[in-house]
There are 2 protein chains.
Amino acid sequence: MDRRMLLGSSAALLPSALAAPAVAQSLPEIRWRLTSSFPKSLDLLSSAPESAARRIAALTDNRFQIRIFAAGEIVGGLQALDAVQTGTVEAAFTAPYYYVGKDPTFAFFSVLPFGLTQRQMTAWLRHGGGLDLANELFRGYNVIGFPTGDTGAQMGGWFRKEIRTPDDFKGLKFRVAGLAGEVFARMGAVPIQIAAGDIYPSLERGTLDAVEFVGPHDDERLGFARVAPYYYYPGFFEPSARLFTMVNLRAWEGLPEQYKQAFQVACLEQESELTSRYDHSNPQALRRLVAAGTQLRAYPRPVLEAAWRSANAVFEDVSQRNEGFRKVLESYRRYRDDEFTWFRVAENSYDNFAFTAAQVVR
Amino acid sequence: MDRRMLLGSSAALLPSALAAPAVAQSLPEIRWRLTSSFPKSLDLLSSAPESAARRIAALTDNRFQIRIFAAGEIVGGLQALDAVQTGTVEAAFTAPYYYVGKDPTFAFFSVLPFGLTQRQMTAWLRHGGGLDLANELFRGYNVIGFPTGDTGAQMGGWFRKEIRTPDDFKGLKFRVAGLAGEVFARMGAVPIQIAAGDIYPSLERGTLDAVEFVGPHDDERLGFARVAPYYYYPGFFEPSARLFTMVNLRAWEGLPEQYKQAFQVACLEQESELTSRYDHSNPQALRRLVAAGTQLRAYPRPVLEAAWRSANAVFEDVSQRNEGFRKVLESYRRYRDDEFTWFRVAENSYDNFAFTAAQVVR
């Protein structure tokens, strides 16, 4: 695949209104296609690449245009990386951990079970070497990656029956993404990874016993409450979840420097924007769900402890068979220890007091 | 002041290398001056406007250049708003709560004691109406504001003596910023607001008994550990602290649309970037401080409870005398209640388990 191929097909689509720029006469008109791993019904996840594309156009006098395609319009939600790698599209908006089947090391760049929270993950990616490690991995797939927002801590999933002990996971057919699948498998569950748009039918048909996707806002839209009443927290296997825009390396290298800057900053803008949309929308969605009968439950501590041990065992296993995973785990764990220690001091001690003070201080 | 005045003086400074753009021939060369409220020694706070200015230049083919001046180079750290209002400079990087003396309503847009955390604040500003309320206030000062990063939850200050009860604040000369001054005054302290660069000499001379600034990274640079051994947490009066870039309204209105976009997105980029720098740097700084003898202390719960009651009394008092404050407080409190309720679920329950799991789960 060469760059002309990537760009040629869409050049004919250029509307004439775009052909009269007031500025930037010498910069080329570029049209890209971006495939998303998510359906349009997930409005927050859809907003990230759409907002980024609008910003990129505005910063380039509309000369660099990116058209967004929802999951299934070009390829399926879990084929986004393949489509970028082969040059079917120039870019994808996706979650790296969808590709743990290719290499479990992808998990780090979405989220590791019991891993970094949203802010800690941002710090590791930018200042702890995380993004360099991501791109070392991605390069092998002909791709460069740009972090493009995060869901924040997720919920722990929807269940038809209550989870009282770690044994209640035994035999449970559980839709779950990323390396969490191995963690639950070790606890006796049958993990199944399905793209967002295909989860609800499987749950309704009974091919799944339980499901996690993100949190109240997205989960309400996907309709899980209609088939599973128990809604557990916290999503210990997804204490944050980073989305990435992945770009075909050759397409990237063909961009003028100013377009690269526009692309980068538009993704960086979404880093806080997408999270803020979740933080704004989740409180109301959770309230609606609970008002409609959803049973909110905290995972019992023995379940969290069993999962913690299971996660560590999985990390050791994978490290034994995958040198790249072992190397990233070392960086990630060291960073996590430092961040956890610091966040206990000012952030967590404030949260523990303030989040309940209105109810208990008189 | 008209726009030509603002732009005219610096046009002569244009270096010839900048006069040969490859693109954007019809866009004007613009030079702005930005005054910071902080000294250069505070490397993280200084990095935010510097990085934003570099990004803006890169996005405009170097035609829109912003030169950064540290506190004291043009005006003092607490005169930044005045300098923008009168057109002495086009922009400032500052903390809105430095101007509570003009109007206590400014406090909301940095941080309110027992207020929103960093992510919650971002959500309120962007999606809960906070930024519109900020700009309603700022417009009266001839200014438009752009959030440009946050410190995260701060520490609770450096003290010469231990704080064992709420009474230990009585008579204490305490450097503290924003509306927290009134909260501590009601507890018997003598609050004093001093710009960052002037705090250390006052502490050394004994004109202050105690001081808070930000957190381990900045506080280490300001040398507080050399004169006050007890370092308290959490900074309940600053559970986050938003920095703003403030721009003279007339200068803003004179920008071409593409420059406005570049300016906005460069500030938005810093929203996550500055916080991530703090989150990366604070763990190491705290470790160094403690290794060098700093005594880390949690505020006793009765102190937090007394401060909570004092803060609420201050909010009521100020609301009585200031209609604008009352209006913003209503929006802010409603939002805070929703956010606190939601963040207890997935985020806080995860943090409480995971931040200690490595020490306690076997």
Quiz item: When you scan the range A:52-67, how many residues do you find that are open to solvent by 40 Å² or more (accessible area, probe 1.4 Å) and outside any loop (DSSP other than H, G, I, E, B)?
Solution: 3
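Checking the condition assigned to a strand (DSSP E or B), of a type outside the set (Val, Ile, Thr), under 30 Å from B:Thr165 (Cβ atoms) and at the interface with chain A (Cβ under 10 Å from one of its Cβ atoms), which residue from B:Leu286, B:Leu296 passes? I'd like the intermediate steps shown before the answer.
Working: B:Leu286 fails: assigned to a strand (DSSP E or B).
Selected residue: B:Leu296, the only one of B:Leu286, B:Leu296 that is assigned to a strand (DSSP E or B), of a type outside the set (Val, Ile, Thr), under 30 Å from B:Thr165 (Cβ atoms) and at the interface with chain A (Cβ under 10 Å from one of its Cβ atoms).
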Quiz item: Which of the residues spanning the range B:76-94 are surrounded by fewer than 24 Cβ atoms within 10 Å (Cβ to Cβ), within 23 Å of B:Thr151 (Cα to Cα) and of a type in the set (A, V, I, L, M, F, W, C)?
Solution: B:Leu78
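Is it the case, given these coordinates, that B:Leu81 is closer than 30 Å to B:Ala307 by Cβ, more than 10 Å from chain A (Cβ to nearest Cβ) and in contact with a helix residue (DSSP H, G or I) (Cβ under 6 Å, 6 or more places away or on another chain)?
Answer is yes for this residue.
Filter the range A:227-280 down to residues that are of a type outside the set (D, E, K, R), in a helix (DSSP H, G or I) and open to solvent by less than 10 Å² (accessible area, probe 1.4 Å), then give me how many there are.
Within the range A:227-280, residues that are of a type outside the set (D, E, K, R), in a helix (DSSP H, G or I) and open to solvent by less than 10 Å² (accessible area, probe 1.4 Å) number 12.
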Quiz item: Pairs, please: C-beta under 7 Å, at least 6 apart or cross-chain, first residue in contact (Cβ under 8 Å) with a residue 40 or more places away in the chain and in the range A:84-106, second of a type in the set (Phe, Trp, Tyr) and surrounded by fewer than 21 Cβ atoms within 10 Å (Cβ to Cβ)?
Solution: A:Gln85/A:Tyr141
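Look through A:Val318, A:Val314, A:Val290 and report the one residue that is more than 23 Å from the chain's Cα centre (by Cα), at pLDDT 95 or above and over 30 Å from B:Ala57 (Cα atoms).
Values: A:Val318 fails: more than 23 Å from the chain's Cα centre (by Cα); A:Val314 fails: more than 23 Å from the chain's Cα centre (by Cα).
The conditions single out A:Val290.
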Self-check item: Matching residues in the range B:31-50 - criterion: being within 14 Å of chain A (Cβ to nearest Cβ) and either open to solvent by 20 Å² or more (accessible area, probe 1.4 Å) or part of a strand (DSSP E or B) (or both)
Solution: B:Asp43
Self-check item: Flag for A:Ala153 being closer than 30 Å to A:Leu289 by Cβ, more than 14 Å from chain B (Cβ to nearest Cβ) and crowded, with 24+ Cβ neighbours inside 10 Å
Solution: no
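For A:Val303, state whether it is more than 10 Å from chain B (Cβ to nearest Cβ), farther than 24 Å from B:Gly215 by Cα, of a type in the set (Val, Ile, Thr) and open to solvent by 10 Å² or more (accessible area, probe 1.4 Å).
Working: more than 10 Å from chain B (Cβ to nearest Cβ): yes; farther than 24 Å from B:Gly215 by Cα: yes; of a type in the set (Val, Ile, Thr): yes; open to solvent by 10 Å² or more (accessible area, probe 1.4 Å): no.
No: the conditions fail for A:Val303.
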Practice problem: Show the residue pairs that are 6+ apart or on different chains and have beta-carbon atoms under 9 Å apart, the first residue being within the range A:205-228 and among the basic types (Lys, Arg), the second being open to solvent by 40 Å² or more (accessible area, probe 1.4 Å). | Solution: A:Arg221/A:Ser41; A:Arg221/A:Asp43; A:Arg226/A:Tyr200; A:Arg226/A:Glu204
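Assigned to a loop (DSSP other than H, G, I, E, B) and either in contact with a Leu (Cβ under 9 Å, 6 or more places away or on another chain) or not aliphatic (A, V, I, L, M) (or both): which single residue out of A:Gly152, A:Gly145 fits that description? Don't jump to the end; show me each part of the working.
On the way: A:Gly145 fails: assigned to a loop (DSSP other than H, G, I, E, B).
On inspection, the qualifying residue turns out to be A:Gly152.
Looking only at residues that are of a type outside the set (A, V, I, L, M) and within 11 Å of chain A (Cβ to nearest Cβ) in the range B:311-333, which one is surrounded by the most Cβ atoms within 10 Å (Cβ to Cβ)?
Keep residues of the range B:311-333 that are of a type outside the set (A, V, I, L, M), which gives B:312, B:315-317, B:319-327, B:330-333.
From what is left, the residues that are within 11 Å of chain A (Cβ to nearest Cβ) are B:312, B:333.
Working: B:Asn312: 17, B:Arg333: 15.
Within the range B:311-333, the match that is surrounded by the most Cβ atoms within 10 Å (Cβ to Cβ) is B:Asn312.
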Quiz item: Does A:Arg126 count as within 14 Å of another protein chain (Cβ to nearest Cβ), within 21 Å of B:Val265 (Cα to Cα) and either open to solvent by 30 Å² or more (accessible area, probe 1.4 Å) or in a helix (DSSP H, G or I) (or both)?
Solution: yes
Quiz item: Looking at (1) of a type outside the set (Lys, Arg); (2) away from chain A (no Cβ under 14 Å); (3) farther than 23 Å from B:Val214 by Cβ, which is the only condition B:Val75 fails?
Solution: (3)
Quiz item: Of the residues in the range B:172-203, how many are open to solvent by 50 Å² or more (accessible area, probe 1.4 Å) and part of a loop (DSSP other than H, G, I, E, B)?
Solution: 1
Practice problem: Starting from the range A:299-321, keep only residues that are within 15 Å of B:Thr356 (Cα to Cα), then list their pairs with residues that are of a type in the set (Phe, Trp, Tyr) whose Cβ atoms are within a distance under 7 Å, requiring at least 6 positions of separation or different chains. | Solution: A:Leu304/A:Phe236; A:Leu304/B:Phe353; A:Ala307/A:Phe236; A:Trp308/A:Phe114
Quiz item: So which residues in the range B:227-242 are more than 24 Å from B:Pro96 (Cα to Cα) and in contact with a helix residue (DSSP H, G or I) (Cβ under 8 Å, 6 or more places away or on another chain), if there are any at all?
Solution: B:Val227, B:Ala228, B:Tyr231
Quiz item: In the range A:94-123, which residues are within 14 Å of another protein chain (Cβ to nearest Cβ) and assigned to a helix (DSSP H, G or I)?
Solution: A:Gln118, A:Arg119, A:Gln120, A:Met121, A:Thr122, A:Ala123
Quiz item: Can you name the number of the only condition in (1) without any contact (Cβ under 8 Å) to a residue 40 or more places away in the chain; (2) open to solvent by less than 10 Å² (accessible area, probe 1.4 Å) that A:Val143 fails?
Solution: (1)
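The values are calculated or read from the model by the stated rules, or taken from the named source; none is laboratory data. It should be emphasised that the depicted structure is a prediction, and the values quoted were computed from it without experimental measurement. Here the Cβ is made from the backbone with ideal geometry for all residues, glycine too, and neighbour counts use every protein chain on show. Please note that ligands, DNA and RNA were not included when accessible areas were found on the heavy atoms of the full protein model with its side chains. Shrake-Rupley method; radii C 1.70, N 1.55, O 1.52, S 1.80 Å.
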